[in-house]
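S.K.: Have a look at the structure that comes next, please.
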Amino acid sequence: MMNFDLPKIPARPEKSREYGLTMVMDKGLSLQETANMIDAGGEYIDLVKLGFGTSLITKNLKEKVKLYQQAGIKVYVGGTCFEAFIVRGMFDDYLRYVSGLGLDTAEVSDGTMEMKHDDKLGYIEALSKDFTVLSEVGSKIEGREITNAQWVGMMDSELKAGAWKVIAEARESGNIGIYQKNGSVNLELVEDIKNAIKLESILWEAPQKSQQTWFIKNFGANVNLGNIATGEVISLETLRLGLRGDTLLQFI
């Protein structure tokens, strides 16, 4: 959707799409703020994560979910919310919770709690029977080491267990997981992941503009990006289309 037919703009697949995805982090928007975001840029949003455990304390939650779904946006509760149920041994209650909200998408995460990988695969397999599943790989805990080979192996096995996409962890701060402490990309890790897993199957968390720019320059306009701030949807789309200084010359 453009107000002028400018040539040499990279093609973007239409919704609902399998690649070129934008996942937005909703940290507790009101109904009016949700409606405003959808009005301003809903056509550019594919997924909305109700961040961490915010869904458990957000007002008018079912109404918010309906707003997103009516706009053709997949909405799901964050992986930390999933872990909050699992660490209490309440998987069946989690199922009742997300089903009661009318959700058809779920995230499986073990970024904070200790979980056997076989158990994680079991949750993915069970959920994938009724939900579109995203599984998050990587730790939110600074200092918890995961080798590159382990990253790749977990992503591969989680896709085989039924995950639609695997999320490369960065946290909302963008300085852990696939990034260094200063926010720069862990080049060796990202290269190893890219060489082993199809790019369409990976959703890279990229909350910072510099990170979004790096992925677009290196992987193209239709790279899957996540943890985008609610006020940065249009800004990200301009990066994808070469309509911002950082990528202006990328597609000419």
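S.K.: For Phe4 and Ser235, what does the FRET efficiency come to when R0 = 30 Å and r is the distance between their Cβ atoms, rounded to the nearest 0.05?
M.R.: 0.95
S.K.: Oh, and also: Calculate, for region 131-252, the solvent-accessible area per residue in square angstrom, rolling a 1.4 angstrom probe over the heavy atoms of the protein chains.
M.R.: Details: 5090 Å² over 122 residues.
Heavy-atom SASA per residue in region 131-252 reads 42 Å².
S.K.: What does the charge dipole of the chain about its Cα centre add up to, to the nearest 20 debye, if the Cβ of each Lys and Arg holds +1 and the Cβ of each Asp and Glu holds -1?
M.R.: Values: 28 positive and 35 negative charges, 92 e Å.
Value, rounded to 20: 440 debye.
S.K.: Order 80-91, 42-53 from most to least packed using the mean count of other Cβ atoms within 10 Å.
M.R.: By packing density, highest mean first, the sequence is 42-53, 80-91.
S.K.: Would you pull out the residues with amide H under 5 Å of Gly226's amide H, same chain only if 5 or more places away, H placed 1.01 Å from N?
M.R.: Met23, Trp204, Glu205, Ala206
S.K.: Which one, Met115, Ala126, Ile57, is farthest towards the positive end of the dipole of region 1-129 when Lys and Arg carry +1 and Asp and Glu -1 on their Cβ?
M.R.: Ile57
S.K.: Then there's this: What is the dipole size for region 28-84, taken about its Cα centre, with +1 at each Lys and Arg Cβ and -1 at each Asp and Glu Cβ, in debye to the nearest 20? The partial results should precede the final answer.
M.R.: Working: 6 positive and 6 negative charges, 43 e Å.
My answer is approximately 200 debye.
S.K.: State to the nearest 20 debye the size of the charge dipole of region 1-97 about its Cα centre, where the only charges are +1 on K and R beta carbons and -1 on D and E beta carbons.
M.R.: Details: 13 positive and 12 negative charges, 26 e Å.
It works out to roughly 120 debye.
S.K.: Let me ask you something else. Take every DSSP beta bridge whose two residues both sit in the chain, then give the antiparallel share in percent to the nearest 5. Present the calculation step by step, with values, prior to reporting the outcome.
M.R.: Details: 1 of 24 bridges.
Here the antiparallel bridges make up roughly 5 percent for the chain.
S.K.: How about Lys116: which lysines have a C-alpha closer than 26 Å to its C-alpha, ignoring those fewer than 8 places off in the same chain?
M.R.: Leaving aside lysines fewer than 8 places away in the same chain, those within reach of Lys116 are Lys49, Lys129, Lys140, Lys160, Lys165, Lys194, Lys198.
S.K.: Would you mind computing the Rg to Rh ratio of the chain from its alpha-carbon coordinates, Kirkwood style for Rh?
M.R.: On the way: Rg = 17.5 Å, Rh = 18.4 Å.
Checking Rg against Rh, the ratio lands at 0.95.
S.K.: Continuing with this model, one more query. Tell me, what is the FRET efficiency for Gln69 and Phe219 to the nearest 0.05, using R0 = 22 angstrom and their Cβ-Cβ distance as r?
M.R.: On the way: r = 29 Å, r/R0 = 1.31.
Once the sixth-power term is evaluated, E becomes 0.15.
S.K.: So what is the calculated 222 nm ellipticity per residue for the chain, using -39500 (n - 2.57) for each DSSP H run with n of 4 or more, over all residues, to the nearest 500 deg cm²/dmol? Intermediate results must be reported in sequence, preceding the final value.
M.R.: Values: 9 runs with 94 residues, N = 252.
Dividing the helical sum by the residues of the chain leaves -11000 deg cm²/dmol.
S.K.: From the phi of every residue in region 14-22, what ³J(HN,Hα) in whole Hz does the Karplus formula 6.51 cos²θ - 1.76 cosθ + 1.60 yield, where θ is phi - 60° and glycine or proline is x?
M.R.: Per residue, the Karplus-derived 3J(HN,Hα) values read 7, 6, 7, 10, 9, 9, x, 7, 10 Hz.
S.K.: While we're on this one: On a full-extension model of 0.36 nm per residue, what is the gain between Ala35 and Leu199, subtracting their alpha-carbon distance, rounded to one decimal in nm?
M.R.: On the way: separation 164, 0.36 × 164 = 59.04 nm, distance 3.13 nm.
Using 0.36 nm per residue and subtracting the Cα-Cα distance, I get 55.9 nm.
S.K.: I would also like to ask the following. Along region 105-122, what does the Karplus equation 6.51 cos²θ - 1.76 cosθ + 1.60 (θ = phi - 60°) give for ³J(HN,Hα), rounded to whole Hz, x for Gly and Pro?
M.R.: Once rounded to whole Hz, the list reads 10, 9, 10, 10, 9, 9, x, 10, 8, 7, 9, 4, 5, 4, 5, 4, 4, x.
The values are calculated or read from the model by the stated rules, or taken from the named source; none is laboratory data. Please read these numbers as outputs of a predicted model, since none were measured by experiment. Cβ: placed from backbone, ideal geometry, glycine included. Neighbour counts: every protein chain shown. Please note that ligands, DNA and RNA were not included when accessible areas were found on the heavy atoms of the full protein model with its side chains. Shrake-Rupley method; radii C 1.70, N 1.55, O 1.52, S 1.80 Å.
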